[in-house]
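Handing you a structure now.
Just so it is clear, none of the values below were taken in a lab; they were calculated from the coordinates. Note that this is a predicted model, so its numbers are computed, not measured. Quick reminder, even Gly has a Cβ in these numbers, built from the backbone with ideal geometry, and neighbours come from all protein chains shown.
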Ligand code: SAJ
């Protein structure tokens, strides 16, 4: 199948790069979002997300006229739904954006169109939720129009290269739909394109992120055991990983982001009787900020009334994304223990988070600090020279929660140095 026009619904971390790459391959693309601030910003050349190379690509494609940004869905040969699927407080999937996006396509759907759902979704969403909505158009899914599920698998910070190079799975509601999906993505995907059915593709995505969550949970649980037995977890992991079939991930302050900390719950919701290990891993990772806060409280001899310079709020290094961030959770726990926390996040100077006091300069956080906590291993923080910090703060205690700093250097600069299950 040939595609010359495309409408991408949702201009977030996936939709915007996807729309821009398609435009760079010659398609005429409408990027649609319901958020007028985002649309106005993009049309004025302002990015609402930070991702290496994205700004240049979007500006080029806007200039070429192949990419147009709008609050309205446009008729097109193909539609891609790339809207968020967050969860409610009780961890059930919030499918409202997927439902609204599907409904917004109905008035524009024409015979022969292809619709692709990219949003991470519970098993059977494509066949049980999206197809019936689109069929309100009077057209039959799989016969009059084609429908497939194709998850994104890219790592924030590397989105533009991974979108092109990663293998892509396309699950059709019938084989013709999957093949049409391959014809579309072949415009830019260099990785292998694997065709399957829609529900398998949904499961594949959930299994990928769930297995990563479980692997991080065991690393976090090992860190707690190591703390109890006075073992340096980092040394222990590096030795264990010399075994040819062992690859333990990094313990940390918890698991965040809009993917790994969310997606496993979709399996728990869909089959609570079966998804026992999945649920336990989620709980372990969710408890990790509280565990680390307790540890900081202990090494600081109590936090009540103390000022903490807290470095990093993003959910992982070198991104500006604070969604579900364990660093923000950790700040809340430190505050609950009585600390006054001044948080510095170089990728987002003011995230307007309720109950988090942010400063826009590192020095402002350090000025009256009783202790310094490193929450996220941004490169900018890794490169800090402790000798430079010494004169800028009354603090003599450093807690590196993510093993980014060299203990000996901080000790040479006169600091007492502590970390998560760390001796060396
Ligand atoms: N983390 C650890 N220890 C580790 C690795 C990660 O504590 O050893 C933490 C990070 O600090 C972060 C969280 O886990 O808080 C998740 O970070 P991540 O880098 O593992 O993953 P994401 O959420 O940025 O992206 C994941 C990726 N999935 C997998 O690696 C299986 C990505 O490929 C997906 O496209 C993305 O989820 C998504 O959109 O689903």
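Between helix 54-64 and the chain, what is the angle of the helix's C-alpha long axis to the longest principal axis, kept within 0 to 90° and rounded to the nearest 10?
30 degrees
Right, here's the next one. How big is the chain by the Kirkwood estimate over distinct Cα pairs, in Å?
About 23.1 Å, per the Kirkwood formula over Cα pairs.
If you stretched the chain out fully between residue 412 and residue 128, how much longer would it get, using 0.36 nm times the residue separation minus the C-alpha to C-alpha distance?
That pair, residue 412 and residue 128, stretches by 96.1 nm at full extension.
May I ask you to order 37-45, 414-422 by the average number of other C-beta atoms within 10 Å around their residues, highest value first?
Going by the mean number of other Cβ atoms within 10 Å, highest first, we get 414-422, 37-45.
Using Cβ contacts closer than 10 Å as the measure, can you line up 24, 70 from fewest to most?
Exposure proxy ranking, most exposed first: 70, 24.
Tell me the angle of helix 276-299 to the major Cα principal axis of the chain, expressed in degrees between 0 and 90 and rounded to the nearest ten.
The two axes meet at around 30 degrees.
Also: Could you grab the relative contact order for the range 286-419? Cα pairs under 8 Å, six or more apart, rounded to a whole percent.
Result for the range 286-419 is 24 percent.
While we're here: Sorting 325, 177 on the 10 Å Cβ count, fewest up front, what's the list?
In order of increasing Cβ crowding within 10 Å: 177, 325.
If I model a spin label as a point 7 Å beyond the Cα along the Cα-Cβ vector, how far apart are those points for residue 162 and residue 269 in nm?
Roughly 2.3 nm, to one decimal.
Obtain the radius of gyration and the Kirkwood radius of the range 299-414 from its C-alpha atoms and give Rg over Rh.
Answer for the range 299-414: 0.93.
In whole Å, what is the distance between the alpha-carbon centres of the range 142-208 and the range 84-135?
16 Å
Okay, helix-only estimate at 222 nm for the chain: each DSSP H run of n ≥ 4 adds -39500 (n - 2.57), divide by all residues, round to 500 deg cm²/dmol; what do you get?
-11500 deg cm²/dmol
Among 88, 13, what is the fewest-to-most ranking by other Cβ atoms within 10 Å?
Ascending Cβ contact count within 10 Å gives the list 88, 13.
Residue separation times 0.36 nm, minus the C-alpha to C-alpha distance between residue 299 and residue 229: what's the value?
23.6 nm
How would you order 99-110, 149-160 from highest to lowest mean count of nearby Cβ atoms within 10 Å?
149-160, 99-110
Separate question: Name all residues of the range 1-31 having a backbone nitrogen under 18 Å from the label point set 7 Å from the Cα of residue 64 along its Cα→Cβ direction, giving them as ranges.
Residues 3-8, 15-31 qualify, since their backbone N sits under 18 Å from the label point.
Continuing with the same structure: So if I take the centroid of the Cα atoms in the range 246-287 and the same for the range 373-393, what is the distance between those two points in Å?
31 Å
Scattering from the C-alpha atoms of the range 5-191 alone, worked out with Debye: what is log10 I(q)/I(0) at q = 0.08, 0.10, 0.13 1/Å?
Scattering profile of the range 5-191, log10 relative to I(0): -0.23, -0.36, -0.62.
If you count the DSSP beta bridges with both ends in the chain, what percent of them are antiparallel, to the nearest 5?
The antiparallel proportion sits near 5 percent.
Oh, and also: Measure nothing but the geometry: give the 0 to 90° angle between the long axis through the Cα atoms of 326-336 and the longest principal axis through the Cα atoms of the chain, rounded to 10°.
40 degrees
Label residue 110 and residue 250 with points 7 Å out from Cα along Cα→Cβ: what is the distance between them in nm?
My value for the distance between the label points is 4.9 nm.
According to a simple spin-label model (label point 7 Å from Cα along Cα-to-Cβ), what is the distance in nm between residue 1 and residue 279?
4.0 nm
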